[in-house]
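Input: a single structure, listed below in structure tokens.
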Amino acid sequence: MIRRAALAASAAAVIALVLLWVLTIPEVVPASVLPPHTPDLDNGKVMFAIGGCASCHATPNADSAKIVRTELGGGLALPSPFGTFYVPNISPDLVDGIGAWSEADFVTALWKGTSPRGRHLFPAFPYPSFQHMELADVRDLFAYLKTLPPVPGRVRRHDLAFPFSIRRLVGLWKLLFLHGGPYTPDPGQSAQLNRGAYLVNGPGHCAECHSPRNLLGAIIDSERFAGGPAADGKSWVPNITPAGLRRSADDHMAWSQKDVASYLADGFDPSGDYAGGAMVEVIRNTSLLPAADLAAIGAYVASLPPRQGPKPPGKK
Amino acid sequence: MIRTIFVVAAISLGVCTAIAQQDTIAARKALMKANGDQANIGVAMMKGEAPFDIDKVHKIFAAWQDAAAKMPSLFPDNSKEGGETAADPKIWANLDDVKARFAKLGADAKDADAKVTDLNSFKAAFGNIGKNDCGGCHQQYRIKKS
């Protein structure tokens, strides 16, 4: 009796594990589906700026003025509720970076969150946003990255708490939370608004910081852009919907699209205050964008539906 | 009687400390707000929304030098808390660096004051101070808690 029950239970467990294994097979973009493409390095440089790659991947330095944006040796520690992630080397170094990656490898990483060896990447790398990037932009970015100097030095492995350290389980996370694909323009909106929506939701990945997350670390969709705690738990990232961006503490007017574009260009907010914390790093990148793209981002952010997000601790 | 005096003294000391903490924090915030108000005038000129005015330019750099001179002494140990402040606790672990940054702000503002003659030279000097002096310090030491 007990032996039959035990056998049945073992069989069920084996079936469950096989099912789990199949459901979590990492997706890959094969080279055969990539049409011929001539890389546009100027576009790649714009993608590098709006993507903010340097902010995470540049070799860190205690003196932020000494960080070289084009030296992508990785190593920055990113504390999170799941443990500490260590940002990898994405310089074109053949051994320690992505020098040996194919174009398809890079597209697979940004669109599917899968490594060239076929393993899931942790979504601390914001591929849930990068999956919305157009194929040409991803390929141009890859071409641009390959022009940067190789930086030797492999980065240490992440330091994550069990069971978050099990990469295969990210496959389940992806089933639950990774939906969509390249951005499809809205024919009912202007070209500028579409461009802004694309830059913000795709390469800009603004929502990754400016949104609250659930217990499994996924963005709470209904509160996207409504602010939340920073990943390291030490500071608060503001609500950037019109409900959050007020021109001053006692002002009822939300930031205009010109206010947003101007802030991203030179760091000064509508009251003359200069940006602080992690946003300074973002502006170091966005200040390099063409004026038309900044205007598009401003138009889109100012057009977001006003949303209330979580309340910061201590605020009534 | 003696006990009452002690209790009153203790409460007064506590209240005085709280007021002192709040005064220091309020003083810091007032100086920073003044910096921002002046910066706003500069930004309008940079963007071409207001005409270039050399008197206003001098006022901006004078205000920044004033703040740079006064701020370093406004970080006593007891002012880490006691009011709503965006001053990151890291400041007190790196007080030398923080003071050096204020010295640099003052020096850069003084330099700019002497050198700026027209809109182009103003844009260069103002932009540099904003990005490196304001931004550099804010990036490390300003923490948004709400």
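The values are calculated or read from the model by the stated rules, or taken from the named source; none is laboratory data. Model, not experiment: these values are computed from the prediction. Here the Cβ is made from the backbone with ideal geometry for all residues, glycine too, and neighbour counts use every protein chain on show.
Here is a yes/no grid of residues against (1) surrounded by 19 or more Cβ atoms within 10 Å (Cβ to Cβ); (2) part of a helix (DSSP H, G or I):
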residue: A:60; (1), (2): no, no
residue: A:88; (1), (2): yes, no
residue: A:93; (1), (2): yes, no
residue: A:96; (1), (2): no, no
residue: A:104; (1), (2): no, yes
residue: A:109; (1), (2): yes, yes
residue: A:118; (1), (2): no, no
residue: A:128; (1), (2): yes, yes
**Prompt:** Quick one: how many residues across the stretch B:32-55 are assigned to a helix (DSSP H, G or I), within 13 Å of chain A (Cβ to nearest Cβ) and of a type outside the set (Val, Ile, Thr)?
**Reply:** 13
**Message:** Among (1) away from chain B (no Cβ under 14 Å); (2) touching a helix residue (DSSP H, G or I) at 6+ places or on another chain (Cβ under 6 Å), there is one condition residue A:237 misses while meeting the rest; what is its number?
**Reply:** (1)
**Fill in**
Out of (1) touching a Leu at 6+ places or on another chain (Cβ under 7 Å); (2) acidic (Asp, Glu); (3) under 30 Å from residue A:313 (Cβ atoms), the one residue B:77 does not meet is (1)
**Message:** Of the conditions (1) surrounded by 15 or more Cβ atoms within 10 Å (Cβ to Cβ); (2) over 18 Å from residue B:143 (Cα atoms); (3) at pLDDT 95 or above, residue B:98 satisfies every one except a single condition; which number is it?
**Reply:** (2)
**Request:** Return yes when residue A:259 is within 13 Å of another protein chain (Cβ to nearest Cβ), of a type in the set (D, E, K, R) and within 26 Å of residue A:222 (Cα to Cα) and no when it is not.
**Result:** yes
**Item:** Filtered residues of the stretch B:67-92 (kept if more than 14 Å from chain A (Cβ to nearest Cβ), touching a residue at least 24 places away in the same chain (Cβ under 8 Å) and in a helix (DSSP H, G or I))
**Value:** B:68, B:69, B:70, B:71, B:72, B:74, B:78, B:79
**Asked** From the set of residues in the stretch A:68-86 that are small (Gly, Ala, Ser) and in a strand (DSSP E or B), which is surrounded by the most Cβ atoms within 10 Å (Cβ to Cβ)?
**Response** A:80
**Message:** Suppose we keep only residues that are within 13 Å of the chain's Cα centre (by Cα) and touching a residue at least 60 places away in the same chain (Cβ under 8 Å) within the stretch B:30-66. Which one would you say is nearest to residue A:272 (Cα to Cα)?
**Reply:** B:39
**Message:** For the list (1) over 16 Å from residue A:127 (Cβ atoms); (2) buried (at least 17 other Cβ atoms within 10 Å of the Cβ); (3) among the acidic types (Asp, Glu), I need the number of the one condition that residue A:208 fails.
**Reply:** (1)
**Message:** Taking the criterion of being among the hydrophobic types (A, V, I, L, M, F, W, C) and more than 13 Å from chain A (Cβ to nearest Cβ), would at least one residue in the stretch B:120-133 satisfy it?
**Reply:** yes
**Request:** Go through the stretch A:263-290 and count every residue that is of a type in the set (Gly, Ala, Ser), surrounded by fewer than 21 Cβ atoms within 10 Å (Cβ to Cβ) and either more than 12 Å from chain B (Cβ to nearest Cβ) or within 18 Å of residue A:237 (Cα to Cα) (or both).
**Result:** 1
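Would you check which residues across the stretch A:183-240 are among the basic types (Lys, Arg), outside any loop (DSSP other than H, G, I, E, B) and under 15 Å from the mean Cα position of the chain (by Cα) and list them?
Within the stretch A:183-240, just A:213 meets the criteria.
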